[in-house]
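Any read-out appearing in this document is the output of simple, stated calculations on the displayed coordinates, not a laboratory observation. Keep in mind that what you see is a predicted model, and the values were worked out from it rather than measured. Neighbour counts are summed over all protein chains in view; Cβ atoms, including those assigned to glycine, are modelled from backbone coordinates with ideal geometry.
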Amino acid sequence: MSGVFFIYNKQYKTFIMRKLASVITIIAISLATTFSTAAAEKESLKITKKLRTEIISMLGDKIPIVLTKTSSAEVSFVINAKNEIVILSVNSNVNELGAYIKNKLNYKKIKVRGTFKGEIYKMPLKINME
């Protein structure tokens, strides 16, 4: 009887070890995927911040529009294959502000590298009155 128990016990241990190895492999792959995704998101955030900084500098400090109150706008744009900004829309309650933003940014080259070509970017802007 002890011989049967020994064979059964050995098969059971082998079965458990295989399952344990599978679980450990799944956990390792999940962790690797999570960390690589987090790193990619962090890099994308850096690129977006650089892009925002460059766009703000292109617009300049002095906007030649008289505002009676602080205004905001949301600019939707893509980056084309020539690394130019293509304005899709400007949502603002001040029409002149939308025209000014389109005039200053549309088809202007950017220096930021690593942007995703063809991806739609949405950037909120807040313009304070002086």
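Could you grab me the full set of residues in the range 91-117 that are surrounded by 10 or more Cβ atoms within 10 Å (Cβ to Cβ) and in a loop (DSSP other than H, G, I, E, B)?
Once the filter is applied, which keeps residues that are surrounded by 10 or more Cβ atoms within 10 Å (Cβ to Cβ) and in a loop (DSSP other than H, G, I, E, B), the range 91-117 yields 93, 94, 106, 107, 108, 110, 112, 114, 115, 116, 117.
In the range 77-90, what count of residues is obtained for those that are of a type in the set (D, E, K, R) and either in contact (Cβ under 8 Å) with a residue 60 or more places away in the chain or loosely packed, with under 14 Cβ neighbours inside 10 Å (or both)? Walk me through how you get there before you give the answer.
The first filter runs over the range 77-90 and keeps only residues of a type in the set (D, E, K, R), leaving 82, 84.
Cutting the leftovers down to either in contact (Cβ under 8 Å) with a residue 60 or more places away in the chain or loosely packed, with under 14 Cβ neighbours inside 10 Å (or both) gives us 82.
Residues flagged as of a type in the set (D, E, K, R) and either in contact (Cβ under 8 Å) with a residue 60 or more places away in the chain or loosely packed, with under 14 Cβ neighbours inside 10 Å (or both) within the range 77-90 amount to 1.
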